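The values are calculated or read from the model by the stated rules, or taken from the named source; none is laboratory data. The model shown is predicted, which means the values in this text are computed figures rather than measured ones. Every residue, glycine among them, receives a Cβ derived from its backbone with ideal geometry; neighbour counts consider all protein chains shown.
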Amino acid sequence: MDAFGVVWENLARYVAGTEPVSQVIAEVIDACEAEQAHPSWARLRTLRWDEGQQAVAAWVHDLMANQPPPPEARGLWFGISNPVEDGQARSDLYFGATRDYDPDNTELEWVFSGFYYPGTHPHPACLAEMYRIAYDDPNGLGNDAEWPLALAFGCTAVARALRALPVPVTLANESLGVVCGFDGGDFIFLGELRADGFDAQPRVL
């Protein structure tokens, strides 16, 4: 199995765990570096991944307090994208709510019913710096770094942030399904957000 496959299969374990995000990223880099040696992996290891997780947690908590999903929302989508500001692209997260949620739909087709997008980002410095390291050098790792690191970081950081929400959580519905991943289709089910907190139920297709 290649490194991408190893990361994909381990995503559920990363999401369900409680270890620091930096430890998760170190394991991801180990798998990637074993397959493809490159000097950039050492630089990527030194990024402040745990501070990035703190930025995501602050963002998620602010969203739920000040821009919560409307009453008709049934699901939460945390997308990984590449916004451009001042001509500079980066990896970052954004938030949306969906009109539908079907816990029995293993294909997660309900995530495409998004309708509410507050338009804010957490701006974790580790993701921005990761993107620069991956792409600014013509001989850089490119997507070989961005895909596994952004996906593992995003899914893990969002799950940790939701788990740390103060309870009870004010929700119009009994539970909201939560999904995180790339707009292009590589995303996983993280679990359900309920009034008594976040229940991690990670599933990887």
I'm trying to understand the selection: among the residues of the stretch 1-15, which are within 21 Å of Asn139 (Cβ to Cβ) and aliphatic (A, V, I, L, M)?
Ala3
Which of the helices (runs of 4 or more DSSP H) found entirely inside the stretch 1-108 contain at least 2 residues meeting this: touching a residue at least 60 places away in the same chain (Cβ under 8 Å) and β-branched (Val, Ile, Thr)?
3-16, 21-35, 49-66
Does Asp50 satisfy the condition of being within 30 Å of Leu176 (Cβ to Cβ) and surrounded by fewer than 14 Cβ atoms within 10 Å (Cβ to Cβ)?
no
Do we have Thr18 as within 22 Å of Asp137 (Cα to Cα), among the β-branched types (Val, Ile, Thr) and loosely packed, with under 14 Cβ neighbours inside 10 Å here?
no
Number of the exception - Thr98 against (1) under 19 Å from Ala159 (Cβ atoms); (2) surrounded by fewer than 21 Cβ atoms within 10 Å (Cβ to Cβ)
(2)
Could you check the stretch 183-205 and list, in sequence order, the residues that are surrounded by fewer than 14 Cβ atoms within 10 Å (Cβ to Cβ) and among the charged types (D, E, K, R)?
Asp183, Asp196
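Yes or no, residue by residue, for (1) charged (D, E, K, R); (2) out of contact with any Phe, Trp or Tyr (no Cβ under 6 Å at 6 or more places or on another chain); (3) closer than 28 Å to Val167 by Cα:
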{"position": "Ala26", "(1), (2), (3)": "no, yes, no"}
{"position": "Cys32", "(1), (2), (3)": "no, yes, no"}
{"position": "Trp41", "(1), (2), (3)": "no, yes, no"}
{"position": "Thr46", "(1), (2), (3)": "no, yes, no"}
{"position": "Glu51", "(1), (2), (3)": "yes, yes, yes"}
{"position": "Trp59", "(1), (2), (3)": "no, yes, yes"}
{"position": "Gln67", "(1), (2), (3)": "no, yes, yes"}
{"position": "Pro71", "(1), (2), (3)": "no, yes, yes"}
{"position": "Trp77", "(1), (2), (3)": "no, yes, yes"}
Leading residue by the ranking (nearest to Phe182 (Cα to Cα)) among those in the stretch 122-149 that are over 13 Å from the mean Cα position of the chain (by Cα) and aliphatic (A, V, I, L, M)
Ala145
Inside the stretch 65-97, can you point out the residues that are of a type in the set (A, V, I, L, M, F, W, C) and at pLDDT below 95?
Ala65, Val84, Ala89
Could you check the stretch 150-167 and list, in sequence order, the residues that are within 17 Å of Gly181 (Cβ to Cβ) and among the hydrophobic types (A, V, I, L, M, F, W, C)?
Ala150, Leu151, Ala152, Phe153, Cys155, Ala157, Val158, Ala159, Ala161, Leu162
Which one is surrounded by the fewest Cβ atoms within 10 Å (Cβ to Cβ), of the residues in the stretch 140-182 that are more than 30 Å from Ala37 (Cβ to Cβ) and charged (D, E, K, R)?
Glu174
Among the residues listed as Ala125, Ala55, the single one being at pLDDT 95 or above and more than 23 Å from Asp186 (Cβ to Cβ):
Ala125
